[in-house]
Amino acid sequence: MFSEIPAYWTYSQQENAPCFVFAHGAGAPMDSPFMAYFAEAIAALGVNVMRFEFPYMDQRRHSGKKRPPDRQPKLLECWEHMVQRLHAQQKVIVGGKSMGGRMATLLAANDSLPANVCGVACLGYPFYAAGKRDKPRIEHLQTLTIPTCIVQGTRDSLGNKHHVQDYSLSPAVKIHWLAEADHDLVPSKRSGFSKDAYWQQAASWVAHFCHEA
(Lines give C-alpha, C1' and ligand atoms only; values in the text may rest on other atoms or scores of the structure.)
Protein backbone atom coordinates (compact mmCIF):
# COMPACT_ATOMS: atom_id res chain seq x y z
CA MET A 1 0.00 0.00 0.00
CA PHE A 2 3.02 2.31 0.39
CA SER A 3 4.66 1.60 -2.96
CA GLU A 4 3.74 5.01 -4.39
CA ILE A 5 4.72 7.31 -1.53
CA PRO A 6 5.97 10.53 -3.17
CA ALA A 7 9.54 11.44 -2.30
CA TYR A 8 11.80 14.27 -3.38
CA TRP A 9 15.60 14.27 -3.18
CA THR A 10 17.83 17.30 -2.69
CA TYR A 11 21.39 16.16 -3.30
CA SER A 12 24.59 17.63 -1.93
CA GLN A 13 27.76 17.86 -3.98
CA GLN A 14 29.67 15.80 -1.43
CA GLU A 15 30.73 12.27 -2.28
CA ASN A 16 29.42 9.54 0.07
CA ALA A 17 27.22 12.10 1.84
CA PRO A 18 24.98 10.96 4.71
CA CYS A 19 21.25 10.87 4.00
CA PHE A 20 18.69 12.81 6.05
CA VAL A 21 15.11 11.56 5.68
CA PHE A 22 13.03 14.65 6.40
CA ALA A 23 9.31 14.24 7.21
CA HIS A 24 6.80 17.09 7.26
CA GLY A 25 4.63 18.24 10.14
CA ALA A 26 0.91 17.69 10.66
CA GLY A 27 -0.37 20.63 8.65
CA ALA A 28 2.06 21.43 5.83
CA PRO A 29 3.31 19.31 2.90
CA MET A 30 6.85 18.30 1.97
CA ASP A 31 7.25 21.34 -0.32
CA SER A 32 6.19 23.99 2.20
CA PRO A 33 8.55 26.99 2.50
CA PHE A 34 9.94 25.61 5.78
CA MET A 35 10.62 22.14 4.36
CA ALA A 36 12.07 23.50 1.11
CA TYR A 37 14.40 25.91 2.90
CA PHE A 38 15.84 23.30 5.25
CA ALA A 39 16.21 20.67 2.54
CA GLU A 40 18.24 23.08 0.42
CA ALA A 41 20.25 24.51 3.34
CA ILE A 42 21.15 21.11 4.81
CA ALA A 43 22.06 19.74 1.36
CA ALA A 44 24.35 22.73 0.83
CA LEU A 45 26.23 21.59 3.93
CA GLY A 46 27.03 18.16 2.52
CA VAL A 47 23.98 16.03 3.32
CA ASN A 48 21.62 14.35 0.86
CA VAL A 49 18.03 15.13 1.91
CA MET A 50 14.97 13.06 1.06
CA ARG A 51 11.52 14.50 1.76
CA PHE A 52 8.37 12.40 1.59
CA GLU A 53 4.65 12.76 2.29
CA PHE A 54 2.50 10.69 4.58
CA PRO A 55 -0.55 9.18 2.84
CA TYR A 56 -3.05 11.66 4.30
CA MET A 57 -1.06 14.62 3.01
CA ASP A 58 -0.67 13.07 -0.43
CA GLN A 59 -4.44 12.51 -0.55
CA ARG A 60 -5.02 16.11 0.51
CA ARG A 61 -2.72 17.30 -2.28
CA HIS A 62 -4.73 15.42 -4.90
CA SER A 63 -8.22 16.04 -3.54
CA GLY A 64 -7.73 19.63 -2.42
CA LYS A 65 -9.57 18.77 0.80
CA LYS A 66 -8.00 19.04 4.22
CA ARG A 67 -7.53 15.76 6.03
CA PRO A 68 -6.37 15.09 9.58
CA PRO A 69 -3.12 13.17 10.04
CA ASP A 70 -3.28 9.39 9.84
CA ARG A 71 -3.21 7.54 13.14
CA GLN A 72 0.14 6.80 14.69
CA PRO A 73 0.39 3.12 13.58
CA LYS A 74 -0.06 4.10 9.93
CA LEU A 75 2.41 6.98 10.20
CA LEU A 76 5.00 4.64 11.71
CA GLU A 77 4.33 1.99 9.08
CA CYS A 78 4.94 4.62 6.42
CA TRP A 79 8.19 5.63 8.13
CA GLU A 80 9.34 2.00 8.25
CA HIS A 81 8.64 1.65 4.54
CA MET A 82 10.69 4.73 3.70
CA VAL A 83 13.64 3.59 5.80
CA GLN A 84 13.62 0.17 4.15
CA ARG A 85 13.87 1.89 0.77
CA LEU A 86 17.22 3.29 1.87
CA HIS A 87 18.92 -0.01 2.65
CA ALA A 88 21.71 0.78 0.16
CA GLN A 89 22.58 4.11 1.80
CA GLN A 90 25.71 4.00 3.96
CA LYS A 91 24.45 6.37 6.64
CA VAL A 92 20.88 7.47 7.31
CA ILE A 93 19.50 9.99 9.81
CA VAL A 94 15.72 10.12 10.26
CA GLY A 95 13.76 13.12 11.46
CA GLY A 96 11.48 15.95 10.55
CA LYS A 97 9.44 18.97 11.41
CA SER A 98 7.16 18.69 14.45
CA MET A 99 4.96 15.58 14.01
CA GLY A 100 7.31 14.12 11.41
CA GLY A 101 10.18 14.35 13.87
CA ARG A 102 8.15 12.91 16.72
CA MET A 103 7.21 9.89 14.59
CA ALA A 104 10.89 9.43 13.75
CA THR A 105 11.79 9.29 17.47
CA LEU A 106 9.01 6.76 18.07
CA LEU A 107 10.35 4.71 15.19
CA ALA A 108 13.85 4.85 16.69
CA ALA A 109 12.54 3.82 20.10
CA ASN A 110 11.34 0.41 18.90
CA ASP A 111 14.92 -0.84 18.36
CA SER A 112 14.11 -2.36 14.98
CA LEU A 113 15.87 0.18 12.77
CA PRO A 114 18.34 -1.01 10.13
CA ALA A 115 21.99 -0.72 11.15
CA ASN A 116 22.60 2.14 8.73
CA VAL A 117 20.22 4.46 10.66
CA CYS A 118 22.56 6.39 12.95
CA GLY A 119 20.50 9.17 14.48
CA VAL A 120 17.36 11.32 14.71
CA ALA A 121 17.14 15.06 14.01
CA CYS A 122 14.03 17.12 14.81
CA LEU A 123 13.08 20.73 14.11
CA GLY A 124 10.44 22.08 16.49
CA TYR A 125 9.58 19.02 18.58
CA PRO A 126 5.99 18.70 19.90
CA PHE A 127 6.70 17.73 23.50
CA TYR A 128 3.00 18.14 24.31
CA ALA A 129 -0.18 18.89 22.41
CA ALA A 130 -1.48 22.45 22.30
CA GLY A 131 -2.93 23.38 25.67
CA LYS A 132 -1.86 20.08 27.28
CA ARG A 133 1.39 20.87 29.03
CA ASP A 134 0.38 18.56 31.86
CA LYS A 135 0.49 15.58 29.50
CA PRO A 136 4.02 15.53 28.03
CA ARG A 137 4.69 12.93 25.35
CA ILE A 138 8.19 12.06 26.48
CA GLU A 139 8.16 8.50 27.82
CA HIS A 140 10.12 7.13 24.87
CA LEU A 141 12.56 10.06 25.00
CA GLN A 142 13.57 9.03 28.50
CA THR A 143 14.98 5.71 27.32
CA LEU A 144 16.04 6.50 23.75
CA THR A 145 19.53 5.17 22.98
CA ILE A 146 20.10 6.43 19.43
CA PRO A 147 21.76 9.89 19.18
CA THR A 148 19.03 12.53 18.84
CA CYS A 149 19.30 16.21 17.97
CA ILE A 150 16.38 18.55 18.66
CA VAL A 151 16.35 22.21 17.60
CA GLN A 152 13.76 24.05 19.69
CA GLY A 153 12.54 27.59 20.23
CA THR A 154 12.47 28.73 23.84
CA ARG A 155 8.88 29.97 23.42
CA ASP A 156 7.60 27.03 21.36
CA SER A 157 3.90 26.58 22.22
CA LEU A 158 4.37 22.80 21.99
CA GLY A 159 7.48 22.66 24.13
CA ASN A 160 8.92 25.83 25.65
CA LYS A 161 12.17 25.87 27.57
CA HIS A 162 10.53 26.65 30.92
CA HIS A 163 8.77 23.28 30.85
CA VAL A 164 11.11 21.12 28.78
CA GLN A 165 14.27 21.91 30.77
CA ASP A 166 12.76 20.09 33.75
CA TYR A 167 12.14 16.85 31.85
CA SER A 168 14.36 13.89 32.60
CA LEU A 169 15.39 12.87 29.08
CA SER A 170 17.87 10.28 27.88
CA PRO A 171 21.52 11.40 27.66
CA ALA A 172 21.25 10.52 23.96
CA VAL A 173 18.89 13.50 23.44
CA LYS A 174 20.56 16.89 22.93
CA ILE A 175 18.44 20.05 22.60
CA HIS A 176 19.74 23.17 20.86
CA TRP A 177 17.75 26.20 22.01
CA LEU A 178 16.97 29.28 19.93
CA ALA A 179 16.14 32.23 22.18
CA GLU A 180 12.64 33.70 21.77
CA ALA A 181 11.84 31.40 18.81
CA ASP A 182 8.44 29.79 18.24
CA HIS A 183 7.42 26.36 16.90
CA ASP A 184 8.60 27.34 13.41
CA LEU A 185 11.94 28.54 14.81
CA VAL A 186 11.02 32.17 14.11
CA PRO A 187 12.18 34.68 16.77
CA SER A 188 9.95 37.38 18.19
CA LYS A 189 10.45 40.88 16.79
CA ARG A 190 11.57 42.22 20.14
CA SER A 191 14.34 39.63 20.40
CA GLY A 192 16.60 41.40 17.93
CA PHE A 193 17.31 38.13 16.10
CA SER A 194 16.29 37.33 12.54
CA LYS A 195 14.51 34.33 11.06
CA ASP A 196 17.22 33.95 8.42
CA ALA A 197 19.97 33.77 11.01
CA TYR A 198 18.03 31.28 13.12
CA TRP A 199 17.17 29.03 10.20
CA GLN A 200 20.78 29.08 9.03
CA GLN A 201 21.92 28.13 12.52
CA ALA A 202 19.34 25.35 12.77
CA ALA A 203 20.37 23.93 9.39
CA SER A 204 24.01 24.02 10.48
CA TRP A 205 23.25 22.12 13.68
CA VAL A 206 21.33 19.43 11.80
CA ALA A 207 23.95 19.06 9.07
CA HIS A 208 26.76 18.81 11.64
CA PHE A 209 24.78 16.19 13.52
CA CYS A 210 24.22 14.18 10.33
CA HIS A 211 27.96 14.12 9.66
CA GLU A 212 28.91 13.26 13.24
CA ALA A 213 26.17 10.80 14.29
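Oblate is the label for region 1-92, because a/c, from the alpha-carbon gyration tensor with a ≥ b ≥ c as root eigenvalues, is 1.5 or above and a/b does not exceed b/c. Taking His176, His24, His211 and ordering them by how much accessible surface each has at a 1.4 Å probe, largest first, produces His211, His176, His24.
Taking every pair of Cα atoms in the chain, average 1/r, invert it to obtain the Kirkwood radius, and report Rg/Rh to two decimals. List each step's numbers first, then the result.
Working: Rg = 16.1 Å, Rh = 17.2 Å.
In the chain, Rg relative to Rh is 0.94.
Heavy-atom accessible area for Met50, with the other protein chains in place and a 1.4 Å probe, reaches approximately 0 Å². Along the charge dipole of region 84-145, which of Ala129, Pro114, Gln84 sits closest to the positive end, that is, farthest toward it, with unit charges on the beta carbon of Lys, Arg, Asp and Glu (+1, +1, -1, -1)? Towards the positive end, the residue furthest out is Ala129. Of Leu185, Leu169, the residue with the largest accessible area leads and the full order is Leu169, Leu185 (1.4 Å probe). Here region 84-213 has 48 percent of its accessible surface on carbon and sulfur atoms, given a 1.4 Å probe and all protein chains in place. Each Lys and Arg adds +1 at its Cβ and each Asp and Glu adds -1 at its Cβ; summed about the Cα centre, region 119-213 shows a dipole of about 220 debye. Using just its DSSP H runs of length 4 or more, each adding -39500 (n - 2.57), the chain gives a mean residue ellipticity at 222 nm of -9500 deg cm²/dmol after division by all residues.
Of the Cα atoms belonging to region 57-132, the radius of gyration and Dmax stand at 13.7, 42 Å.
Which three numbers, in whole Å and largest first, are the semi-axes of the equivalent ellipsoid of region 113-213 derived from its Cα gyration tensor as √(5λ)?
Numbers: eigenvalues 103, 73, 17 Å².
That gives 23, 19, 9 Å for the three semi-axes.
With the convex hull drawn around the C-alpha atoms of region 164-213, the volume per residue stands at 83 Å³. Taking every protein chain into account, the 1.4 Å probe leaves Asp196 with about 90 Å² of accessible area, to the nearest ten.
Under the convention that each Lys and Arg Cβ holds +1 and each Asp and Glu Cβ holds -1, the size of the dipole of region 1-159 around its Cα centre is about 600 debye. Per residue, the chain exposes 48 Å² of solvent-accessible protein surface, assessed with a 1.4 angstrom probe and all protein chains in place.
The values are calculated or read from the model by the stated rules, or taken from the named source; none is laboratory data. Everything numeric in this text was worked out from a predicted model, so none of it was measured. Backbone-built Cβ (ideal geometry, glycine too); neighbour counts: all protein chains shown. Calculation scope for accessible area: heavy atoms of the full protein, side chains included, ligands and nucleic acids excluded. Shrake-Rupley method; radii C 1.70, N 1.55, O 1.52, S 1.80 Å.
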